[in-house]
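Participant: Mind having a look at this structure? Questions to follow.
FYI, it's all coordinate maths here, none of it is from the lab. It should be emphasised that the depicted structure is a prediction, and the values quoted were computed from it without experimental measurement. Don't worry about glycine lacking a Cβ; one is built from the backbone with ideal geometry, like all the others, and counts go over all protein chains shown.
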Amino acid sequence: VQLVESGGGLVQAGGSLRLSCTASGSTGSIAAMAWARQVPRKQRQLVAQVTSGGSKSHGDSVKGRFTISRDSAGNTVYLQMNSLKPEDTAVYYCGFQRYSTPNYYWGHGIQVTVSS
């Protein structure tokens with residue numbers, strides 16, 4: 001499975017961005033897709049997840065502001081980020097989880113910077 005992420009950039013606090021991630025290859029093996037973020041010297045933090053069945057979950061720090069969704073084919077996942085805060089600044093990673101393992105496989109990441 002290959003992942004292509006897009007949509008990051010620089011935005012002012014209070015603004016919005018939408019991240020996109022398209023999976024290609026053996027997408028039938030994907031049980032869930034997710035977004036995580038990481039800042040220097042800290043562990044990667046799971047932000048939101050959507051399963052192949054459509055169940056969604058969001059981390060406490062982004063609930064009510066970020067929304068994960070996917071297209072009808074299930075191969076593209078989006079992260080709509082509203083009311084952005086400077087502390088949302090991070091590298092955001094798209095990932096997938098196979099049915100056969102609980103591990104997540106992550107893409108290259110995309111920078112999101114929120115200025116105050």
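Participant: Sorted by packing (mean other beta-carbon atoms within 10 Å per residue), highest first, where do 95-104, 78-87, 52-61 land? All intermediate terms of the calculation are to be shown ahead of the outcome.
Facilitator: Numbers: 95-104: 14.4, 78-87: 17.1, 52-61: 12.3.
Ranking the peptides 95-104, 78-87, 52-61 by packing returns 78-87, 95-104, 52-61.
Participant: Could you give me the ³J(HN,Hα) list for the stretch 30-36, computed from phi with Karplus coefficients 6.51, -1.76, 1.60 and θ = phi - 60°, whole Hz, x at Gly and Pro?
Facilitator: Ordered by residue, 3J(HN,Hα) equals 7, 8, 7, 10, 8, 10, 9 Hz.
Participant: Would you kindly state how much longer the chain becomes between Asp60 and Ser83 on full extension, computed as 0.36 nm times their sequence separation minus their alpha carbon distance, in nm to one decimal? Working shown, then result.
Facilitator: Working: separation 23, 0.36 × 23 = 8.28 nm, distance 1.46 nm.
Extra length available between Asp60 and Ser83 comes to 6.8 nm.
Participant: Given the chain, what percent of its DSSP beta bridges are antiparallel, to the nearest 5? Before the final figure, lay out each step's value.
Facilitator: Working: 39 of 43 bridges.
Here the antiparallel bridges make up roughly 90 percent for the chain.
Participant: Which three extents, in whole angstrom, do the alpha-carbon atoms of the chain cover along their principal axes, largest first?
Facilitator: Here the spans come out as 42, 29, 23 Å, largest first.
Participant: Using each residue's phi in the stretch 101-109, evaluate 6.51 cos²θ - 1.76 cosθ + 1.60 at θ = phi - 60° and report the 3J(HN,Hα) Karplus result to the nearest Hz, with x for Gly and Pro.
Facilitator: These are the phi-based 3J(HN,Hα) values: 8, x, 6, 9, 10, 10, x, 6, x Hz.
Participant: Under a point-charge model restricted to the Cβ atoms of Lys and Arg (+1) and Asp and Glu (-1), what is the dipole moment magnitude of the chain relative to its Cα centre, in debye to the nearest 20?
Facilitator: Values: 11 positive and 5 negative charges, 40 e Å.
The calculation lands at about 200 debye.
Participant: How many percent of Cα pairs in the stretch 30-73 exceed 16 Å?
Facilitator: On the way: 379 of 946 pairs.
Everything past 16 Å amounts to 40 percent.
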